[in-house]
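The values are calculated or read from the model by the stated rules, or taken from the named source; none is laboratory data. All of these numbers come straight from a predicted model, not from anything done at the bench. Glycine also receives a Cβ, built like all others from the backbone with ideal geometry; neighbour counts cover every protein chain displayed. Remember, those area values only see protein heavy atoms, side chains included, never the ligands or the DNA or RNA. Shrake-Rupley method; radii C 1.70, N 1.55, O 1.52, S 1.80 Å.
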Amino acid sequence: MKISFTFLPHYPWWGSGTPAYKNNLAMKVGAFPDQKTVEKEHIGVLKTLQQYTDVETFPFPQELDANGLNKHDFVFSRDSFISNQRGEVVISNFSERERQAEAEQMALYLKDKGYSVYRLNNSAFAEGGEFYYCLKDDLLFAGISRNNIHGISETARLLGIENVQIVESDSFHLDTVFSLLLDKGGYLIGIIACLELIKNSKSIEQFAKKRGIELIDILPIDTIGTDGKGKIAVNCLPLPGVLIGGDKFDTPGVEAKIRNLGLECVIIPVSQFRLSGGGIHCLVNELRY
């Protein structure tokens, strides 16, 4: 699988302190990430990812890289687009309008790399962090917090995806309460989710039972939490046979259940990136299977 990864800006990331975005309670507003730790963690993530998959790197755009300009989260390449892993992408239409400049820059990069880039209409809202896509199962999981139904349906149509499972929560992005597990062939074999924070949890339970897949219920502490103070351990990148995350789960037995499914569980610290509410899943995005 080929995934995206973005280099850091020249000026310290959030050198002016993290801003506030609508309903992202995990953002430590005004916090200053320690730049040395940011750089160390960033290198650690890249080196580890390169051990498990093909990584395509993107420069941090000069247009957003300005001293004191802190209204961007471009390091989280997940948020700017949704991919069908076959060379086609939909550029996010952010409901948080201050972030739209990130998507426009990413669109330029992706076009330059030869990807087919599709756009949503103005009333269709969709953000990359609200989706998980299983290519082998042709199955798109979609959050409904910063997405809307129009955005979800248009994204699926443009990317040629037939099957959509909506996951309802108050979390700003699906990947702060939910993750997937893929077997070595890339097929869905498990879901990690905090059922307490998912409004249609019964539907998710029924889906897992019907599919015969493992459903691992986690505590709110392993998500964004109810007050934004969770550790967001669930924000993981599912690769075939591997789950890569930014922290250990506090919920007892999660790692053991993952390994019992025949998967490797890898942890890469991302403490400074979590100050902006993001983790491993946010830092990358699938480009091609």
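Condition test on Leu120, is it touching a strand residue (DSSP E or B) at 6+ places or on another chain (Cβ under 7 Å), of a type in the set (A, V, I, L, M) and in a loop (DSSP other than H, G, I, E, B)? Considered against the rule, which asks whether it is touching a strand residue (DSSP E or B) at 6+ places or on another chain (Cβ under 7 Å), of a type in the set (A, V, I, L, M) and in a loop (DSSP other than H, G, I, E, B), Leu120 comes out as yes. Could you check how many residues of region 203-226 are open to solvent by 40 Å² or more (accessible area, probe 1.4 Å) and in contact with a helix residue (DSSP H, G or I) (Cβ under 9 Å, 6 or more places away or on another chain)? Of the residues in region 203-226, 6 are open to solvent by 40 Å² or more (accessible area, probe 1.4 Å) and in contact with a helix residue (DSSP H, G or I) (Cβ under 9 Å, 6 or more places away or on another chain).
Could you tell me which residue of region 90-117 is most open to solvent (accessible area, probe 1.4 Å), considering only residues that are assigned to a loop (DSSP other than H, G, I, E, B) and at pLDDT 95 or above?
Within region 90-117, the match that is most open to solvent (accessible area, probe 1.4 Å) is Lys113.
Filter region 1-60 for residues that are out of contact with any Asp or Glu (no Cβ under 9 Å at 6 or more places or on another chain), in a helix (DSSP H, G or I) and of a type in the set (Ser, Thr, Tyr); which is least open to solvent (accessible area, probe 1.4 Å)? Among those that are out of contact with any Asp or Glu (no Cβ under 9 Å at 6 or more places or on another chain), in a helix (DSSP H, G or I) and of a type in the set (Ser, Thr, Tyr), it is Thr48. Taking the conditions (1) open to solvent by 80 Å² or more (accessible area, probe 1.4 Å); (2) acidic (Asp, Glu); (3) in contact with a Ser or Thr (Cβ under 9 Å, 6 or more places away or on another chain) in turn, Asp73 satisfies each one other than (1). Residues in region 201-214 that are touching a Phe, Trp or Tyr at 6+ places or on another chain (Cβ under 9 Å) and closer than 16 Å to Leu174 by Cα: Ile204 only.
Screening region 252-278 for residues that are without any contact (Cβ under 8 Å) to a residue 60 or more places away in the chain and either among the hydrophobic types (A, V, I, L, M, F, W, C) or in contact with a Cys (Cβ under 9 Å, 6 or more places away or on another chain) (or both) and picking the one that is surrounded by the fewest Cβ atoms within 10 Å (Cβ to Cβ) gives Ala256.
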